[in-house]
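Asks: Attaching a single structure in structure tokens format; questions to follow.
The values are calculated or read from the model by the stated rules, or taken from the named source; none is laboratory data. Given the structure is predicted, the values throughout are model-derived calculations rather than measurements. Methodologically, a virtual Cβ is constructed for each residue, glycine included, from the backbone with ideal geometry; neighbour enumeration extends over all protein chains shown. Quick note on the areas: whole protein, heavy atoms, side chains included, nothing else; ligands and nucleic acids left out. Shrake-Rupley method; radii C 1.70, N 1.55, O 1.52, S 1.80 Å.
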Amino acid sequence: MESKNSLHLAHRMGSLEPSATLAMAARASAMIASGLDVIDLSVGEPDFPTPDHICKAAEVAIRAGKTKYTPAAGIPDLRKAVAADCTRRTGLAVTPAQVIVSNGAKHSLHNVFTATLDEGDEVIVPTPYWVSYAELIKLTGAKPVLVPTRIEDDFKLRPEALRRAITAKTRMILLCSPSNPTGVVYTADELGALADIAIEANLAVVSDEIYDQLVYDGRTSVSFPTLRPGLAERTVVVAGVSKTYSMTGWRIGWTISPEPLAKAMGNLQSQETSNPCSVSQYAALAAITGPQECVAEMGREFQKRRDLVAGRLKAIPGVKVPDIGGAFYAFFDISDHLAARRNGITTTLEWCEAMLEKEHVALVAGSAFGAEGNVRMSFAASEQKLSDGLDRIERFLT
Ligand code: PMP
Ligand code: GLU
């Protein structure tokens with residue numbers, strides 16, 4: 001009998017996919033580095049520099065020797081600032097003990113799933129979903145139950161679809177508004193209807209609100225636990241500084257949860273990573289407590305880009321786009337074009353490959369988000385790049 005390689009992979013790695021968004025971004029970067037004129041609209045990363053006052057705070061922190069381990073759950077001032085900022089913006093009473101600061105919101109999500117899910121538990125994930133949700137859930141042995149939504153409903157989960165997906169094993173619902181990948185923003189009534197079902201079925205809710213400050217046309221993003229009395233007891237809010245302050249590389253995110261869960265996640269983190277980067281925590285503190293004009297400024301730029309992208313995509317025959325109310329993604333439907341089987345292309349993966357090879361535009365296939373037939377375009381890029389990219393998309397489609 002052939003003996004197993006001593007470094008064979010664990011079962012849990014068997015179905016783990018690499019992040020499709022990061023994989024596409026890496027390919028686009030390599031092509032750009034080789035001298036090709038590639039327009040990268042794959043990854044969701046603000047293209048603005050991190051505001052200067054935030055960078056300065058990090059410099060000061062380094063010089064002041066804030067370069068050592070910090071408490072595992074984050075420095076007290078940052079936990080306090082996140083709690084106070086949440087209370088100021090949502091009216092929800094939040095204590096610093098409910099806040100766990102992590103190495104990015106992706107790590108926060110990993111903490112929540114690891115600390116709450118058991119083998120065989122089911123988590124309802126509306127599709128299209130952000131690529132990492134299903135993989136992070138699967139790592140715990142739990143099962144993501146993908147519930148499709150329709151572009152006609154602006155890709156919002158309808159209460160009856162949620163009800164139908166609930167089984168005896170359902171533990172949790174995962175929501176993301178404003179949404180990555182669709183840019184769609186739920187109203188308070190729409191979320192309230194889902195909250196009622198969560199309460200009735202005694203389910204936990206993870207509300208990914210990382211794009212909460214990036215909404216357009218005067219909309220407000222409603223924080224899920226504010227919707228019903230007592231909802232905070234079953235909800236974990238996930239957020240961070242990556243998108244709001246253009247701080248993706250600093251890796252600071254957080255959870256706001258009931259205290260016992262926060263404590264467990266702090267313990268988990270103390271064993272896994274010790275603490276989030278000390279210098280980045282001081283930078284995040286400056287971001288949250290410092291001047292906020294930068295957020296509004298970036299928001300105005302993103303809204304202009306949203307107008308450009310949504311307008312141009314809608315004008316292409318056979319392309320459908322939902323109502324993009326926030327975040328910086330356009331998730332557009334090209335299924336009519338795929339049905340025509342032009343150049344033998346029938347899937348969005350093949351279509352995105354061809355776009356990259358022939359037109360040098362990097363986009364992400366809808367299949368990576370559990371919604372074949374659609375393509376995601378990040379509009380976190382300059383208007384010039386977006387405009388050139390849209391020219392190429394239009395040329396390729398028509
Ligand atoms: N949630 C959503 C919906 C996202 O788009 C991202 C972006 N990467 C994250 C979480 C994680 O963000 P980060 O780890 O950079 O804080
Ligand atoms: N959230 C961004 C995106 O979806 C960043 C990439 C990632 O973290 O996977 O493109």
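Asks: Dipole of the stretch 42-116, Cα-centred, from +1 at each Lys and Arg C-beta and -1 at each Asp and Glu C-beta, to the nearest 20 debye? Show your work: numbers first, answer last.
Replies: Working: 9 positive and 6 negative charges, 64 e Å.
The calculation lands at about 300 debye.
Asks: Give me a comma-separated list of calculated 3J(HN,Hα) values for the stretch 49-56, in order, Karplus coefficients 6.51, -1.76, 1.60 applied at θ = phi - 60°, integers in Hz, x for any Gly or Pro.
Replies: For the stretch 49-56, the Karplus-derived couplings read x, 4, x, 4, 5, 6, 4, 5 Hz, x marking Gly and Pro.
Asks: Across bins of 10 angstrom width beginning at 0, how are the C-alpha pair distances of the stretch 313-398 distributed, in whole percent?
Replies: Spelled out bin by bin, the stretch 313-398 gives 18, 57, 24, 1 percent.
Asks: Quick check: residue separation of residue 168 and residue 34 times 0.36 nm, minus the Cα distance between them. What number comes out in nm? Please list the in-between numbers first.
Replies: Values: separation 134, 0.36 × 134 = 48.24 nm, distance 5.30 nm.
The span from residue 168 to residue 34 would gain 42.9 nm if fully extended.
Asks: Along the positive direction of the dipole of the chain (beta-carbon charges: Lys, Arg +1; Asp, Glu -1; about the Cα centre), which of 90, 193, 378 reaches farthest?
Replies: Ranked along the dipole, the leading option is 90.
Asks: Ranked from highest to lowest mean number of other Cβ atoms within 10 Å per residue, what is the order of the peptides 309-318, 63-72?
Replies: Details: 309-318: 16.3, 63-72: 12.1.
So the order, starting with the most tightly packed, is 309-318, 63-72.
Asks: While we're on this one: For a quick protection proxy, order the peptides 185-196, 369-380 by their average other-Cβ count within 10 Å, most packed first. Don't skip to the answer; put the middle values down first.
Replies: Details: 185-196: 18.7, 369-380: 24.8.
Per-residue Cβ counts within 10 Å, averaged per peptide and sorted highest first, yield 369-380, 185-196.
Asks: For the stretch 138-288, compute the number of Lys pairs whose alpha carbons are separated by less than 25 Å, excluding pairs fewer than 8 positions apart on the same chain. List each step's numbers first, then the result.
Replies: Details: 138/156; 138/169; 138/263; 143/156; 143/169; 143/263; 156/169; 156/243.
Final tally of qualifying lysine pairs is 8.
Asks: Let me know the Kirkwood hydrodynamic radius for the chain, please, with Cα pairs as the basis and the value in Å to one decimal. Kindly include the intermediate steps, with their values, before the conclusion.
Replies: Values: mean 1/r = 0.0457 Å⁻¹.
For the chain, the Kirkwood estimate is 21.9 Å.
Asks: Using a 1.4 Å probe on the protein heavy atoms, what percent of the accessible area of the chain belongs to carbon and sulfur?
Replies: Details: 9300 of 17420 Å².
Ligands and nucleic acids excluded, carbon and sulfur reach 53 percent.
Asks: Defining a contact as two alpha carbons under 8 Å apart and six or more residues distant in sequence, what relative contact order in percent does the chain show?
Replies: On the way: 749 pairs, mean separation 92.4, N = 398.
Computed over the chain, the figure is 23 percent.
Asks: Would you please give the residues with an amide H less than 5 Å from that of residue 205, counting only those at least 5 places away or on a separate chain, with H modeled from the backbone geometry?
Replies: Long-range HN contacts for residue 205: 173, 235, 236.
Asks: Also, I was wondering about something else. Quick one: P(r) of the stretch 91-175 from all Cα-Cα pairs, 5 Å bins, percents rounded to integers, in order of increasing distance.
Replies: Going from the shortest bin to the longest, the percentages are 3, 13, 22, 19, 18, 14, 9, 1, 0.
Asks: With the radius of gyration and the Kirkwood radius both derived from the Cα set of the stretch 151-239, what is their ratio Rg to Rh?
Replies: Numbers: Rg = 12.6 Å, Rh = 13.3 Å.
Taking Rh as the inverse mean 1/r over Cα pairs, Rg/Rh reads 0.94.
Asks: Find how many whole Å separate the alpha carbon centroid of the stretch 264-319 from the alpha carbon centroid of the stretch 336-353.
Replies: 32
Asks: Measuring with a 1.4 Å probe in the full set of protein chains, what accessible area per residue, in whole Å², belongs to the stretch 261-393?
Replies: On the way: 5080 Å² over 133 residues.
Each residue of the stretch 261-393 exposes 38 Å² on average to a 1.4 Å probe.
Asks: How large is the charge dipole for the stretch 283-398, taken about the Cα centre, if only the Cβ atoms of Lys, Arg (+1) and Asp, Glu (-1) carry charge, to the nearest 20 debye?
Replies: Details: 14 positive and 16 negative charges, 35 e Å.
The calculation lands at about 160 debye.
Asks: Taking just the alpha carbons, could you work out the radius of gyration and Dmax for the stretch 255-398, both in angstroms?
Replies: 20.2, 56
Asks: Let me ask you something else. What is the calculated FRET efficiency for residue 272 to residue 95, with r their C-beta to C-beta distance and R₀ = 41 Å, to the nearest 0.05?
Replies: With a Förster radius of 41 Å, E is 0.95.
Asks: Viscosity 0.692 mPa s, temperature 37 °C: what is the translational diffusion coefficient of the stretch 59-112 from Stokes-Einstein with a Kirkwood Rh over Cα pairs, rounded to a whole number of µm²/s? Don't skip to the end; give the middle numbers.
Replies: Numbers: Rh = 12.5 Å.
My calculation gives 263 µm²/s for D.
Asks: Looking at the chain, what % of its DSSP beta bridges pair antiparallel, to the nearest 5? Intermediate results must be reported in sequence, preceding the final value.
Replies: Details: 17 of 37 bridges.
Taking every DSSP beta bridge with both residues in the chain, the antiparallel ones total about 45 percent.
Asks: Mind checking which lysines have their Cα closer than 17 Å to the Cα of residue 314? Skip sequence neighbours fewer than 8 apart in that chain.
Replies: 304
Asks: Could you give me the radius of gyration and the Dmax of the stretch 1-74, taking only the C-alpha atoms into account and expressing both in angstrom?
Replies: Rg, Dmax (Cα atoms, Å): 20.9, 63.
Asks: Can you give the extra length, in nm with one decimal, that the chain gains between residue 47 and residue 219 once fully stretched, where that is 0.36 nm per residue apart less the Cα-Cα distance?
Replies: Values: separation 172, 0.36 × 172 = 61.92 nm, distance 2.30 nm.
Gain on extension, residue 47 to residue 219, equals 59.6 nm.
Asks: For the stretch 1-133, what is the convex hull volume of the alpha-carbon atoms per residue, in Å³? Don't skip to the answer; put the middle values down first.
Replies: On the way: hull volume 35.7 nm³, N = 133.
Considering the Cα atoms of the stretch 1-133, their hull volume per residue is 269 Å³.
Asks: Right, here's the next one. Write down the accessible area per residue of the stretch 176-257 in Å², having rolled a 1.4 Å probe over the full set of protein chains.
Replies: I get 30 Å² per residue for the stretch 176-257.
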